[in-house]
1. Consider residue 71 against the criteria (1) free of Cβ contacts under 8 Å to residues at least 60 places away in the same chain; (2) within 30 Å of residue 118 (Cβ to Cβ); (3) under 12 Å from the mean Cα position of the chain (by Cα): it satisfies all of them except one. Which criterion is unmet?
2. Any residue that is more than 25 Å from residue 83 (Cα to Cα) and at pLDDT 90 or above - is there at least one of those in the range 123-131?
3. Anything in the range 55-95 that is modelled with pLDDT of 85 or more, farther than 20 Å from residue 178 by Cβ and in a loop (DSSP other than H, G, I, E, B)? List them, or say none.
4. Among (1) modelled with pLDDT under 95; (2) in a helix (DSSP H, G or I), where does residue 99 come up short?
């Protein structure tokens, strides 16, 4: 009876039994998911989302960076995703400007510094909460431009923009944490790969 039920459950799963071994799960966590995240970040840089609120694009790129930071077992992987996304958007000349893609690398560096700490790795929810201030890196380029060029309209409603960035950053952190919860449910932490 049990073998028949087990065979039925294995046949009904999305991921075949052969793909559930430790090596393929580790490969998915350490290579496939980060590469897919970098590709989605790069593609989404040129996609126009008609939300028209400051910081709304962070729902995509910061969610994926948080998910990579929490999924991978090697903290430098999030740096690689941030660097690859920055380089790809610069090479493709996509996004809101040539220097705007530096936000991906800046956020990846901050997330790396967070997850490099064993105390934070033990409390992964802290990374989800810290995504709110991490999202403020998206304001660095506009603020720097304002300081260099000196246009007064660059500082119009900067407080409102910062609040929106904090809100969308928190939402991105929570979404990233939810993605990781789904991934961890598919490959439990007690497995050899996780």
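The values are calculated or read from the model by the stated rules, or taken from the named source; none is laboratory data. Because the structure is predicted, anything quoted here is derived from the model rather than measured. Here Cβ is always computed from backbone atoms with ideal geometry, including for glycine, and neighbour counts include all displayed protein chains.
1. Residue 71 satisfies all of (1) free of Cβ contacts under 8 Å to residues at least 60 places away in the same chain; (2) within 30 Å of residue 118 (Cβ to Cβ); (3) under 12 Å from the mean Cα position of the chain (by Cα) except (1).
2. Yes, the range 123-131 contains at least one residue that is more than 25 Å from residue 83 (Cα to Cα) and at pLDDT 90 or above.
3. First, pick out the residues of the range 55-95 that are modelled with pLDDT of 85 or more: 56-92.
Applying the additional criterion that residues be farther than 20 Å from residue 178 by Cβ yields 74-76, 79-80, 82-92.
74, 75 - these are the residues of the range 55-95 that are modelled with pLDDT of 85 or more, farther than 20 Å from residue 178 by Cβ and in a loop (DSSP other than H, G, I, E, B).
4. Every condition holds for residue 99 apart from (2).
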